[in-house]
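A short worksheet on the structure shown next.
The values are calculated or read from the model by the stated rules, or taken from the named source; none is laboratory data. Keep in mind the model is a prediction, meaning the values are calculated, not measured. Here the Cβ positions follow ideal geometry from the backbone for every residue, glycine too, while neighbour counts run over all protein chains shown.
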Amino acid sequence: MAVRVHHVSPSWELSQLLDIFPLAIRQALVRLNNIEDIIEVVLDLGRPPEARFESDFKYLTDSPVSHEDIAHVCSRISPFGADNRAGIEQTLHRISAIRNRTGKIVGLTCRVGRAVYGTIDILLDVLRSGKSICLLGRPGVGKTTMLRECARVLSEERKRVVIVDTSNEIAGDSDIPHPGIGLARRMQVADPALQHAVMIEAVENHMPEVIVIDEIGTAAEAEAARTIAERGVTLIGTAHGQTLENLLMNPTLSDLVGGVSAVTLSDEEARRRGTRKTVLERKAPPTFDVVIEIHDRDRLAIHKNVADVIDALLRGYQPQPEIRQREASGAVTVVQEADTESMPRLADRYDHEREHEERDRPLSIFPYGVSRNKIERAIANLRVNASIARNWDDADVVLTLKTLERKEQPKLKQIASDNVPIYSIKTNTTTQIQAALRDVFNLGSIDHEELALREAEEAIYQVLLTNQAIELSPQTSYVRRMQHQLAERYRLQSRSTGLEPNRRVKIYKTSDALSP
């Protein structure tokens, strides 16, 4: 027995919408020259009724909307659900209510629903690939229309398609689905809060090959979508957000594209990447294989390999998706190519560029208990690209004394918890600071004799500046002799004190400065 399919004409559906309005508003709508382009009719209590178009609006009458006008419309549509949405039998129109504090309706948004055939020719190859697809775009751009057409095309290609229709917006406000969904089956949702449960029920009870879902917006729905994908069912849906970046930064829905987690790197890996030790990485495989950004009805941006795109985004690279445009002639052209296979290589190139930028930027050092002047002198001596930070949270590294580090100062604990590298030195001397900076900049170590002579040079500078005697680190007799000669060169006095192996040189300016 042949199945008779009732095809509803677009003009009949529009007339059904016009019939719900009071006479004056209906007549004003009929007189519009561009009524076929209307997006919605807005009735707000105490304001003139509006007809809204894609980039314009028009007042329909001079008279403000009354309670009677709103009651007239409500009496000709289906009852409002828990989501404050209603519909018109056997049409795709959606009427949404605005209520006051007591629950009384004071505004209506009457969205015009249309089944537009042929809207997915621009992405037909992606749809037939069998991959899960997420459609993104601003309100009114045509996401639901495109979703409905996806369901129709796949169902007529003998795929088992089930639509989870939360507000009856995909298949119309009737127990008999709108013909715009083709041979797809439709499951209605009694309460929007139960949408995730109906999604799972559809998979468990009706063996679909494809699940179609509009407006994934909660954590429970995102989890249900992941469960569906893991069971091998193709998922075609829309989500709140206009771009892939919006989805990634939405903590509720980011799991749809793999989610984000903070990962602590080793010192070597952090240095190789040119980043701090804590970085963001994708934590799981994405629920959707493909994300399509709908710029307008005739222009799409397609991210074909979401996993690679998210990895690149988290490493700072701005991916270039494939952009397709439908021309006035109906032909589809690729405005911008995107080779997803090269995405990781492009991300690596970004890392290389970033490392180059990091090398050009001065290393910021925060001194904690260490002399700023001595750090500046050490920077000048080593001729390294570094500067002094005012605050530790602006620093790349922190330089402190071992004595302070052993005391486990609360501030140092806080710094360590933020993964800012901490370098500690034994004494507050330019020599020790230079040794630490050599380690920071991987300049390699200097030999023991050179380090001892630099310590003596610094001591000589301090003696000349302050007239106070300074005692150097213990050294061998050979090194002490060189330190004595260096002091003589600056016409300073010096003597060795202590017993081996702790015998050391003391440098002073006059005999009065030498302590007994």
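Data table
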{"read-out": "Per-region count, segment 389-417, residues within 32 Å of the chain's Cα centre (by Cα) and either outside any loop (DSSP other than H, G, I, E, B) or in contact (Cβ under 8 Å) with a residue 60 or more places away in the chain (or both)", "value": "12"}
{"read-out": "Residues satisfying the stated conditions in segment 280-295, i.e. modelled with pLDDT of 90 or more, closer than 21 Å to GLU223 by Cβ and of a type in the set (D, E, K, R)", "value": "ASP289"}
{"read-out": "Residue, surrounded by the most Cβ atoms within 10 Å (Cβ to Cβ), within segment 45-57, restricted to residues that are touching a helix residue (DSSP H, G or I) at 6+ places or on another chain (Cβ under 9 Å) and either part of a loop (DSSP other than H, G, I, E, B) or in contact (Cβ under 8 Å) with a residue 24 or more places away in the chain (or both)", "value": "PRO49"}
{"read-out": "Among the candidates ILE95, ILE105, residue that is surrounded by fewer than 21 Cβ atoms within 10 Å (Cβ to Cβ) and in the same structural domain as ILE35 (by TED's automatic domain parsing)", "value": "ILE105"}
{"read-out": "Residue in segment 221-245 that is farthest from ARG138 (Cα to Cα), counting only those that are among the β-branched types (Val, Ile, Thr) and within 19 Å of the chain's Cα centre (by Cα)", "value": "THR238"}
{"read-out": "Count of residues meeting criterion [out of contact with any Leu (no Cβ under 6 Å at 6 or more places or on another chain), modelled with pLDDT of 75 or more and not in a strand (DSSP E or B)] in segment 257-279", "value": "2"}
{"read-out": "Test: residue in segment 160-179 that is surrounded by fewer than 18 Cβ atoms within 10 Å (Cβ to Cβ), assigned by TED's automatic domain parsing to the domain that holds GLY241 and outside any loop (DSSP other than H, G, I, E, B)", "value": "yes"}
{"read-out": "Residue within segment 489-502 that is closer than 26 Å to ARG383 by Cβ and not aliphatic (A, V, I, L, M) present", "value": "yes"}
{"read-out": "Test: GLY81 is small (Gly, Ala, Ser) and over 18 Å from PRO22 (Cβ atoms)", "value": "yes"}
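Rundown of residues vs (1) modelled with pLDDT of 90 or more; (2) in a loop (DSSP other than H, G, I, E, B); (3) not aromatic (Phe, Trp, Tyr), yes/no style:
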{"position": "ILE95", "(1), (2), (3)": "yes, no, yes"}
{"position": "SER129", "(1), (2), (3)": "yes, yes, yes"}
{"position": "PRO139", "(1), (2), (3)": "no, yes, yes"}
{"position": "MET146", "(1), (2), (3)": "yes, no, yes"}
{"position": "VAL153", "(1), (2), (3)": "yes, no, yes"}
